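The structure appears right after this line, and notes come after that.
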2 protein chains.
Amino acid sequence: MKIGELASATATKVETIRYYESIDLLAPPARSASNYRDYGGKHLNRLSFIRRARDLGFSLEAVRELLALSDNIGQSCEAVDLIASSHLAEVKRKIDDLTALRSELERVIGSCRHGTVGECKIIDTLAPRSAC
Amino acid sequence: MKIGELASATATKVETIRYYESIDLLAPPARSASNYRDYGGKHLNRLSFIRRARDLGFSLEAVRELLALSDNIGQSCEAVDLIASSHLAEVKRKIDDLTALRSELERVIGSCRHGTVGECKIIDTLAPRSAC
DNA sequence: CTACACCCTCTAGCAACTAGAGGGTCAAGC
DNA sequence: GCTTGACCCTCTAGTTGCTAGAGGGTGTAG
C-alpha cells in the first residue's frame, strides 16, 4: 500500500502521514525498490487509531500514550481512563471559557447603536476612554 | 515608564510587549540614554486596548484592524460590528464543536468498565478491532 | 517518448507567544 | 569601590500540529 492509498483510506494527508513518521508516532514502513513507502495492515490500523483519537481532540502526546497503552492488553485500563477523563475536563473547561466569552461578546455587540466609531460601544469597551 | 512597569500595569509579559512591537502592533517608544524603552500614556492606552481585545478572543490581525478603526472616530462603526460579529460566530461554532466532542467523550468514558486494556471500551472505540 | 500523477527529502511557514543565551545598566548595601 | 541582584537589551529557537513549497525521481498511459 503506497502512501497515497493509505492517505485516502484514512482521510489523512500524505504530508501528515510523513509527519507522523518523523515524530515517531507511526513506524517507518518498508520501502519499495524505488524507495516508495510500502504500508501494511498494521500501519492502517495504527493510523486509524491515531485519526480517531485526534478526532476526539486528543493531543499527539496523548495519542502516543494511548497507543503505548493499547499494546499492553493485559494491563489495567486505569491509565487510559485517566487520559480520557483529563481530556474531557479540559474540553469542559474550554466550553465554559468560550461560553463566558460568548455572553460577553453578545453583550458588547448588542450595545452597538450602529453610529460612528466615536460613539461605538464596542470600541468603547476596548478603549479606556470616550462614550457612546 | 519602563517596559516592566508597563507590563505590570497591563498584566502583560515583557516579552509579549516586545513581540507586539516587533510585529508593529505597538509603536516603538522613545529610548532612554541607556537604550531602555520609555513608554507614555498613549502606549498604555494602546496596550490596554490590545489586552482587552485579546481577552475577548480576537486574533492579533483582528486587533490590528480594530485599532486602525478606533482611530477614525468619525467613520461608521459598521466595520467594527462586522469584525466582532464574525468573531462571535466563530466562538459559537467552537462551542458547538466542543459540545459535540464532550458528549462523545462522555459516552466513551462512561462505557469504561475499569478492567484491562484488552477489554477497554475507550481503546475499543479508537482501535478497529477487539471487544470489551 | 512525453505527459502526468505520484513519490522522495528537506526546509520554512502559520499563531501567538515563551524561553534562553549572552550581554549591558543601575541602585543599594558592605 | 565593589559586588549583588533586579532590571533592561538583542537575537534565536522552541512550542503544537500540521501545511506548503522547492527541487528532484518514478511509473504508466497514450
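Could you tell me the calculated FRET efficiency between B:Asn45 and B:Lys13, based on Cβ-Cβ distance and R0 = 22 angstrom, to the nearest 0.05?
On the way: r = 19 Å, r/R0 = 0.86.
The computed FRET efficiency comes out at 0.70.
From Cα pairs below 8 angstrom and at least 6 apart in sequence, can you work out the relative contact order of segment B:58-132, rounded to a whole percent? Relative contact order of segment B:58-132: 15 percent.
Once the Cβ-Cβ distance of B:Glu21 and B:Asp55 is raised to the sixth power relative to R0 = 25 Å, the FRET efficiency obtained is 0.80. Given R0 = 22 Å, the distance between the Cβ atoms of B:Asp97 and A:Arg93 translates into a calculated FRET efficiency of 0.90.
Would you mind working out the magnitude of the charge dipole of segment A:1-75 relative to its Cα centre, with +1 at each Lys and Arg C-beta and -1 at each Asp and Glu C-beta, to the nearest 20 Debye? Let's see the in-between values first.
On the way: 11 positive and 9 negative charges, 42 e Å.
That gives segment A:1-75 a dipole magnitude of about 200 debye.
By accessible area, using a 1.4 Å probe on protein heavy atoms only, chain A has 51% of its surface on carbon and sulfur.
With contacts taken as Cα pairs under 8 Å at a separation of at least 6 residues, chain B carries a relative contact order of 13 percent.
As a ratio to 2.2 N^0.38 Å, the alpha-carbon radius of gyration computed for chain A takes the value 1.69.
At a probe of 1.4 Å, how much accessible area disappears from chains B and A on forming the pair, both sides counted, to the nearest 100 Å²? Before the final figure, lay out each step's value.
Details: alone 9340 and 9350 Å², together 14310 Å².
Result for this pair: about 4400 Å² buried.
Label-to-label distance for B:Glu5 and B:Glu119 is 6.7 nm, based on points extended 7 Å past Cα in the beta-carbon direction. Considering only B:Leu44, B:Leu105, B:Leu67, the Gaussian network model of chain B with Cα springs below 10 Å gives its largest mean-square fluctuation to B:Leu105. Work out the charge dipole of chain B with +1 on the Cβ of Lys and Arg and -1 on the Cβ of Asp and Glu about the Cα centre, then indicate which of B:Ala27, B:Thr10, B:Leu101 is farthest towards its positive end. Sorting the options by dipole projection puts first B:Thr10. Using all Cα-Cα distances in segment B:1-73, what percent lands in each 10 angstrom bin from 0 up to the longest? Binned Cα distances yield the sequence 19, 56, 22, 3. Charge dipole (Cα centre; +1 on Lys/Arg Cβ, -1 on Asp/Glu Cβ; no other charges) of chain B amounts to roughly 400 debye.
The values are calculated or read from the model by the stated rules, or taken from the named source; none is laboratory data. What you see is a predicted model; the values in this text were computed from it and never measured. All Cβ positions, even for glycine, are placed from backbone atoms using ideal geometry, and neighbour counts span all protein chains on display. Areas reflect the complete protein model, heavy atoms only, side chains present, ligands, DNA and RNA absent. Shrake-Rupley method; radii C 1.70, N 1.55, O 1.52, S 1.80 Å.
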